[in-house]
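Trainee: Take this structure first; my questions come after.
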């Protein structure tokens, strides 16, 4: 990816999601469970417009660090946008879609990463 630490990238992603009022932001370490990625960052949105805004904020903030996604998916429907940064994959869900797929439950064997210091309290 780059010489920026995964922790710094996770912090940047979480802060970007939080700045646009992402809902129930979670970071899950899945490195020991799959070859897909080391971490999933999951956030919810109350509308498809917000879903796009959240994904745009993440892309913008990481681009400032010189980091581009290897691929993006889901912008057209904006129900579930995936930003693939190789070892960190960001999932931005429209609320109903998140409830349907239950990604956190699917990866419940993963280790929850404490991101509380990166989000403003409600």
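The values are calculated or read from the model by the stated rules, or taken from the named source; none is laboratory data. Please read all numbers here as calculations on a predicted model, not as lab measurements. For neighbour counting, all protein chains shown are included, and Cβ atoms are generated from backbone atoms with ideal geometry for every residue, glycine included.
Trainee: What are the pairs with Cβ atoms under 9 angstrom where one residue, in region 8-36, is on the phi > 0 side of the Ramachandran plot and the other, located anywhere, is part of a loop (DSSP other than H, G, I, E, B)? Sequence gap at least six, or different chains.
Mentor: If the second residue must be part of a loop (DSSP other than H, G, I, E, B), the pairs left are 21/46.
Trainee: Report yes if residue 55 is crowded, with 18+ Cβ neighbours inside 10 Å and either in contact with a helix residue (DSSP H, G or I) (Cβ under 7 Å, 6 or more places away or on another chain) or assigned to a strand (DSSP E or B) (or both), otherwise no. Walk me through it before giving the result.
Mentor: Values: crowded, with 18+ Cβ neighbours inside 10 Å: yes; either in contact with a helix residue (DSSP H, G or I) (Cβ under 7 Å, 6 or more places away or on another chain) or assigned to a strand (DSSP E or B) (or both): no.
So residue 55 does not fit the description; no.
Trainee: Report the residue count in region 43-83 for those that are touching a strand residue (DSSP E or B) at 6+ places or on another chain (Cβ under 6 Å) and touching a residue at least 40 places away in the same chain (Cβ under 8 Å).
Mentor: Total satisfying the criteria: 6.
Trainee: Taking region 71-88 only, how many residues are part of a loop (DSSP other than H, G, I, E, B), within 16 Å of residue 38 (Cβ to Cβ) and in contact with a helix residue (DSSP H, G or I) (Cβ under 9 Å, 6 or more places away or on another chain)? Walk me through it before giving the result.
Mentor: Within region 71-88, the subset part of a loop (DSSP other than H, G, I, E, B) is 74-79, 86-87.
In the following step, the residues that additionally are within 16 Å of residue 38 (Cβ to Cβ) were identified as 86-87.
Next cut, in contact with a helix residue (DSSP H, G or I) (Cβ under 9 Å, 6 or more places away or on another chain) only: 87.
Count: 1.
Trainee: Separate question: I'd like the full set of residues that are in contact with a strand residue (DSSP E or B) (Cβ under 7 Å, 6 or more places away or on another chain), in a loop (DSSP other than H, G, I, E, B) and more than 14 Å from residue 22 (Cβ to Cβ), limited to region 89-122.
Mentor: Answer for region 89-122, where residues must be in contact with a strand residue (DSSP E or B) (Cβ under 7 Å, 6 or more places away or on another chain), in a loop (DSSP other than H, G, I, E, B) and more than 14 Å from residue 22 (Cβ to Cβ): 107, 110, 113.
Trainee: Given the options 102, 64, name the one that is modelled with pLDDT under 95 and either on the phi > 0 side of the Ramachandran plot or touching a helix residue (DSSP H, G or I) at 6+ places or on another chain (Cβ under 9 Å) (or both).
Mentor: The match here is 102.
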